[in-house]
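Shown next, in structure tokens, is the structure this report addresses.
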Amino acid sequence: MAAVKFFHLECVKQEDWNGKDDIYLTINGHRVYSARMGEDDKVAINRTFHVEGDVATVRLYESDDIGNDDLLGEQIPLSGVGEMKFTEDDAYYTLSYEFFPR
């Protein structure tokens, strides 16, 4: 079983024009973390998540009250320490991580 540890999530540019973004992270389709963030916010997650199989598909969404949630990006972490960037829908978030393959 592989694992991925998330360290920090930072909002460089938020997706919503009014109010903060209500964001959430998924790993292989399972919601694992949520937060309310605005530009220049940085949150410490510091949690490890176990993953079935060898691949972890990480997606960042911004929750909308009306309509579908906005996909801000999708990344597959590589082995070791790294940083993911989510830049869809005019947003810009970074997520620092460490991936532990089986």
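Read the figures in this text as sums done on the coordinates, not as results from a lab. As the structure is a prediction and not an experimental result, all values here were calculated from the model. All Cβ positions, glycine included, derive from the backbone under ideal geometry; neighbour counts span all protein chains shown.
In nm, what is the difference between 0.36 nm times the number of residues separating I76 and E98 and their Cα-Cα distance? Let's see the in-between values first.
Numbers: separation 22, 0.36 × 22 = 7.92 nm, distance 1.16 nm.
Stretched fully, the I76-E98 segment lengthens by 6.8 nm.
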Fill in: Under Karplus coefficients 6.51, -1.76 and 1.60, residue-wise ³J(HN,Hα) of the stretch 86-102 in Hz, glycine/proline x
10, 10, 6, 6, 6, 9, 8, 10, 10, 9, 8, 8, 9, 10, 10, x, 4
Item to complete: Would you pull out the residues with amide H under 5 Å of D41's amide H, same chain only if 5 or more places away, H placed 1.01 Å from N?
Response: C11
Worksheet item: In terms of modelled amide H atoms, which long-range or inter-chain residues lie less than 5 Å from the amide H of F49?
Response: V4, K5, F6
Fill in: Residue-wise HN-Hα coupling along the stretch 58-75, computed from phi with Karplus coefficients 6.51, -1.76, 1.60 (Hz; x: Gly, Pro)
9, 10, 10, 10, 10, 6, 10, 6, 10, x, 6, 5, 8, 7, 8, x, 9, 9
Discussion item. Let me check against my output: what whole-number percent is the relative contact order of the stretch 2-100, with C-alpha pairs under 8 Å and at least 6 apart?
Written reply: 36 percent
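Would you mind counting up the charge near P101? Only other residues with Cβ under 15 Å from its Cβ, with Lys and Arg at +1 and Asp and Glu at -1.
On the way: positive: K5, R102; negative: E52, D54, E98.
Overall, the nearby charge balance is -1.
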Discussion item. Here are labelled values, [x] 44, 30, 23; [y] 42, 26, 19; [z] 56, 38, 24, and one is the computed Cα extents along the principal axes in Å for what I pasted. Which one?
Written reply: [y]
Item to complete: At 7 Å along the Cα-to-beta-carbon direction for both D89 and V43, put a label point, then send me their distance in nm to one decimal.
Response: 1.5 nm
